[in-house]
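Everything below concerns the one structure shown next.
The values are calculated or read from the model by the stated rules, or taken from the named source; none is laboratory data. Just so we're clear, the structure is a prediction, and the values are computed from it rather than from any experiment. Cβ atoms come from the backbone with ideal geometry, glycine included; neighbour counts cover every protein chain shown. Side chains are part of the model used for accessible areas, which takes the heavy atoms of the whole protein and leaves out ligands, DNA and RNA. Shrake-Rupley method; radii C 1.70, N 1.55, O 1.52, S 1.80 Å.
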Amino acid sequence: MTPAEKAATISNATFIRPAKFYLSGFSNIPHVKYFYVFLCFVYIMTVLGNSLLLSVIYLVKTLHTPKYMIVFNLALTDLCGSTALIPKLLDTFLFDRRYIVYEACLSYMFFVLFFASMQSWTLVTMAYDRFIAICFPLRYHSFVTKPAIAAMLLFAWVCLSSLVGFTVALINRLSFCRSLVVKSFFCDHGPVYHLACNDTSLNSILSLIAITIIIFIPLVLIALTYVCISIALIRIASGEERLKAFKTCTSHLILVAIFYLPLVGTNLASLTSSIHPNARIINSSLTHTIPALLNPIIYSLKTEEVLNIIKRFCKRYRMRNLTSSKKVSSLSLL
């Protein structure tokens, strides 16, 4: 047997894939269960808000426009992302089931990271919509069409699922012969691959590439669109028209700030220095859950168009109840 074959045999013999990981969650924080109860409330409100928005957009044909295709996609990814994360998180820490099977851990990681990345690129698509609407208003209906938006969103779904899938799949090449305690609230990529005892340089490089594609490139693109929007607004003569145009962007800017600022802060802190696991968990958990709760409220449910449609639905529902109650009372009199 050659030296290379011997080395390969030793490497295969010492390759260790654990049956389970242990999710540590918070350490030394009293009354931490109240935080998980708060996340349960956040999840319920997220499901209600996003389900309502999805139903309204699906049922009302006047909302079947490119803009609301993007909003529908954001609501869907918010709903799926929260569902991928929070129920399992509550089961893990409220009921103290902290051991997670290796394969389930990787699946958990994939879905949470994939839907977070889809949220990021959906915000880029929204920025594109605002950019065309303000900078090229006469050509808006030529550039922002249903096929164009569908192609952009489909491209994001395919590319991001491939990127996140490849990033997660590379963990299979690692050997875990040290601790199996994941210092996070879910199977996060960084805390998991750092537990490996063989070479993790490829995982580290791909992690940087993924962070760049999922966080920093979208941020740069959004920043560039708003630079162009600002230039276009300066050229508008009327101050009233300028303010009116800017107001259409405020909701999107709030969503961008809520989503990206905690993510950028956490990732920069982890790259430049060590960050305490508790701080990382609080920041990451709120980043993955709060935007999904606020997105439908900030961007859609407060707009006049959607509010008027919801009011119409409520009036119809009341009218049906009134007519049905009148029928019941007339029948009882007979």
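Can you compute the modelled spin-label distance between SER142 and ALA269, with each label point 7 Å from Cα toward Cβ, in nm?
4.8
Determine, for each peptide in 23-33, 256-266, the mean count of other beta carbons within 10 angstrom over its residues, then list the peptides with the highest first. Numbers along the way, then the final one.
Working: 23-33: 13.5, 256-266: 17.6.
Per-residue mean Cβ counts within 10 Å order the peptides as 256-266, 23-33.
So for each of 187-194, 200-207 I average, over its residues, the number of other beta carbons within 10 Å; can you give me the resulting order with the highest mean first? Intermediate values should be presented prior to the final figure.
Details: 187-194: 21.2, 200-207: 14.6.
In descending order of packing, they fall as 187-194, 200-207.
So how far apart, in nm, are the two label points at HIS276 and LEU307 if each is 7 Å from Cα heading toward Cβ?
4.2
For the residue pair ASN172 and TYR22, what label-to-label distance in nm results when each label sits 7 Å from Cα along the Cα-to-beta-carbon direction?
2.7
Sort 90-99, 113-122 by packing, meaning the average of other beta carbons within 10 Å per residue, with the highest value first. Show your work: numbers first, answer last.
Details: 90-99: 13.7, 113-122: 23.9.
Ranking the peptides 90-99, 113-122 by packing returns 113-122, 90-99.
Taking every pair of alpha-carbon atoms in region 78-188, what share in percent sits in each 10 Å bin, from 0 to the bin with the longest distance?
Per 10 Å bin, starting at 0, the Cα pair percentages come out as 12, 33, 26, 16, 10, 3, 0.
Please list log₁₀ I(q)/I(0) at q = 0.12, 0.14, 0.15, 0.20 Å⁻¹ for region 194-271, using the Debye equation with identical point scatterers on the alpha-carbon positions.
Values, matching the q order: -0.52, -0.63, -0.68, -0.94.
Note the angle between two axes, namely the Cα long axis of helix 201-211 and the longest principal axis of the Cα atoms of the chain, as a number of degrees from 0 to 90, rounded to the nearest 10.
The two axes meet at around 10 degrees.
Report the per residue volume, in Å³, of the convex hull enclosing the C-alpha atoms of region 123-282. Don't skip to the end; give the middle numbers.
Numbers: hull volume 21.2 nm³, N = 160.
Convex hull volume per residue, Cα atoms: 133 Å³.
Relative to the longest principal axis of the chain, what angle (0 to 90°, nearest 10) does the C-alpha long axis of helix 3-13 take?
60
Any idea what the alpha-carbon Rg over 2.2 N^0.38 Å comes to for region 120-165? Mind showing how you got there, number by number?
Numbers: Rg = 12.1 Å, N = 46, 2.2 N^0.38 = 9.4 Å.
For region 120-165, the normalised Cα radius of gyration is 1.29.
Computing the accessible area with a 1.4 Å probe over protein heavy atoms, can you report the carbon and sulfur percentage for the chain? Walk me through the numbers on the way to the answer.
Values: 12420 of 18070 Å².
Carbon and sulfur atoms account for 69 percent of the accessible area of the chain.
With a probe of 1.4 Å, find how much accessible area the chain has per residue, and write the answer as a whole number in Å². Can you show the working numbers first?
Working: 18070 Å² over 334 residues.
Accessible surface, normalised per residue, equals 54 Å².
For the Cα atoms of the chain, what angle does the longest principal axis make with the long axis of helix 277-295, in degrees from 0 to 90, nearest 10?
Approximately 20 degrees, to the nearest ten.
What do the square roots of 5 times the Cα gyration tensor eigenvalues come to for the chain, in whole Å, largest first, as semi-axes of the equivalent ellipsoid?
42, 28, 18
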